[in-house]
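These notes are about the structure you will find just below.
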Amino acid sequence: MIFHLRKWTERFRFVLLFIAFTFVLYHGLMLVSRLLEPTPKYKEPAGHAVKVFQSDLSGIPDAFLGMGERLKLFYRIGE
């Protein structure tokens with residue numbers, strides 16, 4: 001069995017270059033996607049801004065907590 005060293009070195013070089021270019025292309029696309037990504041909608045506001053959303057239900061009357069009451073409210077006012 002004859003091994004041609006030149007042929008194997010060319011194949012090895014091709015595989016190494018393919019892996020290197022794939023790695024560079026992947027990281028380049030990840031960089032572009034991070035640059036084009038919009039700012040997060042739900043982050044904490046900066047400066048004098050106030051976040052109005054309240055996640056706990058302590059300020060809502062008990063009548064609106066039930067699913068049936070919410071459905072009635074939706075049919076009544078459409079919200």
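Nothing in this text is a laboratory measurement; each read-out follows from the coordinates by a stated rule. This structure is a prediction, so every number in the text was calculated from the model and none was measured. Methodologically, a virtual Cβ is constructed for each residue, glycine included, from the backbone with ideal geometry; neighbour enumeration extends over all protein chains shown.
Size check on segment 1-40: the Cα extents along the three principal axes, sorted descending, read 61, 12, 6 Å. Each of Ile77, Ile19, Ile2 was scored by other Cβ atoms within 10 Å of its Cβ. Arranged with the fewest first, they read Ile2, Ile77, Ile19.
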